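The values are calculated or read from the model by the stated rules, or taken from the named source; none is laboratory data. Given the structure is predicted, the values throughout are model-derived calculations rather than measurements. Heads up, the Cβs are rebuilt from the backbone with ideal geometry, glycines too, and the neighbour counts pull from every protein chain shown. Just the protein is used for accessible areas: all its heavy atoms, side chains included, with ligands, DNA and RNA removed. Shrake-Rupley method; radii C 1.70, N 1.55, O 1.52, S 1.80 Å.
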Amino acid sequence: MILQLDQLAVLIRETSILVAIYGIYVLSLNLEAGYLGLPQFGKVMFLALGGIAVGGIATKIALLIYSRAISASLGISPLSNLGTYCSTYQYQTIDIINSIFAKSPFEGIVFFLMAVVLATILGGVFGVLMAGPALRLREDYLGIFLLVSAEMVRVVSTYTPEVACGVFGAVVPDPFKWLGEWRQWAYLVVVALFLLLSFVVLERLGNSPFGRALRAIRDAEVAARVFGKDIVRFRVRVLATASALGGVAGALLVFYNTYVQMGMFVPVETFKAWAMLIIGGVGNNVGALVGVAVYFILDKVLSMYKEGIRQVVNVDPVFFQYIIFGIIIILVLMYRPQGIIGEKPAKTLKRWILEKLQRGA
């Protein structure tokens, strides 16, 4: 299969967008699992919360703000009868909002920023709530608790129309409609900026005294407690920060699709993130991003040649992908358990700089 130049450009663009979005998602997992050692098996919950923030809260706010224009055009009030809106009028209603955003870029950008802020807050709040069990449960029970919590959020939100139109899914306004055919390229720049900001913040955090304390707690919690580290405070801060970033990734994913169906946030999304992290390198932010890139490049290659694969091995391409990634993870764990780019010592100030600072003090 030979791709034309324009097709190759589209493939690279779409893959890069997904790498950037999932890069934020996996970086947040790395903060919890790589730096602090938490068994975060419910990570998809925060991706889902980002979806709820956009499809279930921000979109309803937009429906409320533009209710007059919608009523004048369609003769309906979406918020007064969500069931009818979700099953019948979603696309017509969102088209009206998109036409407004196409004429007023400022309103579209404000809507986008509002939705991302809501996703950040919602993810952070739930992260703090999850900190309670994280302080009391042993690692194995905590992992099970987080996995069940994520499933509970998915199931309840899927079968509750008031959240994000339930099983119908929620169509989301496109805040970048005004960009026309350049929309996807501009969105690539936006998600890349979010990824860069997340990477810089987490990299500085990991090389700070806070990050070194996280590694100490992960490697020897009792010793860290003896030396006066407040384990509770560190775990709460990490869960809040990582969960907020997970919410941002969920919001960006929904804006990429301009649609969210809560049933899409299945547990396999958590284990995909773990696969990316294991392949790239646990405890290393650069390694985490390399793992994301490797995963999506292989995924796209296997998807492109799925019909050829079916003819050769007579296996469903989806299951074949799982087999390939399973083999890769096994090989990584056997021959390079630290991942492609393993964890490195935290960077500190050079000795002469520390001595200079001490003399100045």
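Excluding Val171 itself, what net charge comes from residues whose Cβ is under 14 Å from its Cβ, given Lys and Arg +1 and Asp and Glu -1?
Taking every other residue near Val171 into account, the sum is 0.
Take the solvent-accessible surface of the protein heavy atoms, probe 1.4 Å, and return the percent of it on segment 1-85 that carbon and sulfur atoms account for.
64
Here are a few candidate values for Cα extents along the principal axes in Å: (1) 71, 56, 42; (2) 69, 55, 35; (3) 80, 50, 36. Which one was actually calculated from the structure I just gave you?
(1)
Looking at segment 101-198, which chymotrypsin sites (Phe, Trp or Tyr not before Pro) are in a loop (DSSP not H, G, I, E or B) and have at most 13 other Cβ atoms within 10 Å?
Answer in residue order: Tyr159.
Count charges around Met45 for me, please; just the other residues with Cβ under 12 Å from its Cβ, Lys/Arg as +1, Asp/Glu as -1. Write out the running numbers ahead of the final one.
On the way: positive: Lys43, Arg154; negative: Glu151, Glu269.
Residues near Met45 contribute 0 overall.
Pick from Met130, Met45, Met304: which is most flexible by mean-square fluctuation in a GNM of the chain where alpha carbon atoms under 10 Å apart are linked?
Met304
Taking amide H positions as placed in the peptide plane 1.01 Å from N, state which residues far from Thr160 in sequence (5 or more) or on other chains have amide H under 5 Å from it.
Gly166
Return the carbon/sulfur percentage of the accessible area of segment 220-340, one whole number, probe 1.4 Å, all protein chains in place.
Carbon-and-sulfur percentage of accessible area, whole number: 68.
Along the positive direction of the dipole of the chain (beta-carbon charges: Lys, Arg +1; Asp, Glu -1; about the Cα centre), which of Met45, Ile17, Tyr141 reaches farthest?
Farthest towards the positive end: Tyr141.
With every protein chain in place, what's the accessible area of Val200 (1.4 Å probe, Å², nearest 10)?
Near enough 70 Å² of accessible area.
Could you grab the relative contact order for the chain? Cα pairs under 8 Å, six or more apart, rounded to a whole percent.
31
Using alpha carbon centroids, what distance separates segment 1-59 and segment 290-344, in Å?
That distance is 17 Å.
Applying a 10 Å radius around every beta-carbon, put 312-320, 242-250 in order of their mean neighbour count, most first.
242-250, 312-320
Magnitude of the Cβ-charge dipole of the chain, K/R +1 and D/E -1, about the Cα centre, nearest 20 debye?
Here the size comes out at about 1320 debye.
Let a ≥ b ≥ c be the square roots of the eigenvalues of the Cα gyration tensor of segment 90-141; is it rounded (a/c under 1.5), or, if not, prolate (a/b larger than b/c) or oblate?
Verdict is prolate for segment 90-141.
Grab the DSSP H runs of the chain that are 4 residues or longer, score each as -39,500 (n - 2.57), total them, divide by all residues and round the 222 nm result to the nearest 500 deg cm²/dmol. Let's see the in-between values first.
Details: 17 runs with 256 residues, N = 361.
Estimated from H runs of four or more residues: -23000 deg cm²/dmol.
Per residue, how much accessible area does the chain show when a 1.4 Å probe rolls over the protein heavy atoms, in square angstrom?
50
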